[in-house]
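Every read-out reported here was derived from the displayed coordinates using simple, explicitly stated rules and does not represent laboratory data. Only a predicted model underlies this, so the values are computations on that prediction, with no experimental measurement involved.
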Amino acid sequence: MKHFQRPVRRALLVVHVAVSVAWLGLSLGLLALGIAAYTTQDLSLTQASYRAMKVFADWLLAPVALVTFGSGLVLSLGTPWGLARHRWVWIKFWITLATATATIFALRPEIAHAAAAGVPDSSLIGAPAVSTTAYLFMTAVSVLKPWGPTKRGRRRRESPAPRGTRSSATSRKATSGKALDARSPGRTA
């Protein structure tokens, strides 16, 4: 796939970061409401907390999860990072797919059930705690970019450049005047 031009890449990156942060914020909000609902002795507060969780689940969770997954997928396919060239991107892809699936098909129905029943449910503390941990892990992975390239990424780097051309890293350095970080496939922003 052809790489995106810099303005497009930047716009996609802003969208992806914004919806990812929104998903983390939603998860923290659901965790706070789940703890409040489970630990209170006031049944009306339990019911109100679960109704508030249902509003978030009905209106925000699925769209935010899908836009996060979609923007990350498009961004990975249209940039030098690639989807399966670096372990950190590949791991983020699978964790995002798993958490989006769990959010849509498991968490939303559980919240709807708790809102209808209005009784304390410990799973509505556990699920947001696990998802918050996953999102914080993916944030750290995005910043630190650990683990290096996958086998596919190493093969791609080791393949010889077409005859009569410079390697892509050399040509980028020559045209931009900037040296690139060894981990970076190119300028990221």
Net length gained if the chain between ARG155 and ALA102 were fully extended (0.36 nm per residue, minus Cα distance): 15.7 nm
Using amide H atoms built in the peptide plane, which far-off residues or other-chain residues are under 5 Å from HIS86 H to H? THR150
As straight-line cross-link partners of LYS145, the qualifying aspartates and glutamates (C-alpha separation under 18 Å, not fewer than 8 residues apart within one chain) are ASP181
When the Karplus curve 6.51 cos²θ - 1.76 cosθ + 1.60 is applied with θ = phi - 60°, which whole-Hz ³J(HN,Hα) does each residue of region 78-84 get, with x for Gly and Pro? x, 10, x, 5, x, 7, 10
